[in-house]
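Here the structure is laid out as structure tokens; the discussion comes afterwards.
Each reported figure results from applying straightforward, stated rules to the coordinates on display, with no laboratory input. Because the structure is predicted, anything quoted here is derived from the model rather than measured. FYI the Cβ positions are ideal-geometry reconstructions off the backbone, even for glycines, and counts take in every protein chain you see.
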């Protein structure tokens, strides 16, 4: 098992550009989520999914879109990047939507928006 | 709004001593409280969780204490080792039918001195 795989690890964008952060897990996990981590702050939930075809917003969803067409993949899309989206992004998954709080995290994708 | 936070941003500990990391929470409706460890350049890693109806739970070299009266959570690490140097996050989890939302605190850095 590779666990949770995120690509790319590093990305630099110009304001207004679009891009997709990829997340894949090979553990057949039902629940997947995206967090962003900013200096001095904890992780904040952007979007999450409790299964293929089902997504919902977290606490900071503005500027981001997600889809869940398969159990394995949960891409995060930035349609028009802004400097405020400079952050480290983490994808996480867990077997069930009613989880106790044990998430399995990827290694992160560091995004810089100029 | 509801939040999860930490008292100390940095904790310096002598190798071999015990570490205590504290966390204050405000949402009394949380079902689980969780501790994560994040090493530099990596994603957070689950350490231990505790259900809201418990006061104490022990793992390997770690103990989590929950005081619901004062809404306080702590993580105790016994015989701290250099490999324990990391940022530690507390988090709270509310189990919902539509999918849980895990809320993280701001994190505290533990530095182990040789």
Worksheet item: So how far, in whole Å, is the C-alpha centre of region A:42-106 from the one of region B:16-94?
Response: 23 Å
Worksheet item: So which residue, out of A:53, A:101, A:63, gets the largest mean-square fluctuation from a GNM of chain A using Cα contacts under 10 Å as springs?
Response: A:101
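Rank these for me by crowding, A:86, A:15, going from fewest to most other beta carbons within 10 Å.
Starting with the residue having the fewest Cβ neighbours, the order is A:15, A:86.
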Discussion item. I need B:46, A:10, B:33 ordered by Cβ neighbour count within 10 Å, fewest first.
Written reply: A:10, B:46, B:33
Worksheet item: Of the residues A:71, A:100, A:55, which exhibits the maximal mean-square fluctuation in a Gaussian network model of chain A defined by a 10 Å Cα contact cut-off?
Response: A:100
Worksheet item: Taking chain B as a Gaussian network, where each spring joins two C-alpha atoms under 10 Å apart, which residue of B:76, B:60, B:45 fluctuates the most?
Response: B:60
Practice prompt. Could you list the residues of region A:48-84 with an amide nitrogen less than 20 Å from a label point located 7 Å from the Cα of residue A:15 in the Cα-to-C-beta direction?
Written response: A:62-64, A:78-84
Worksheet entry | Value of D in µm² per second that Stokes-Einstein yields for chain B, Kirkwood Rh from Cα pairs, at 20 °C (1.002 mPa s) | 151 µm²/s
Practice prompt. Bin all alpha-carbon pair distances of the protein assembly as shown at 5 Å intervals from 0 and give each bin's fraction as a whole percent.
Written response: 1, 7, 15, 19, 18, 16, 12, 7, 3, 1, 0
Discussion item. Please report the projected area of chain A's Cα convex hull averaged over all directions, in nm².
Written reply: 6.5 nm²
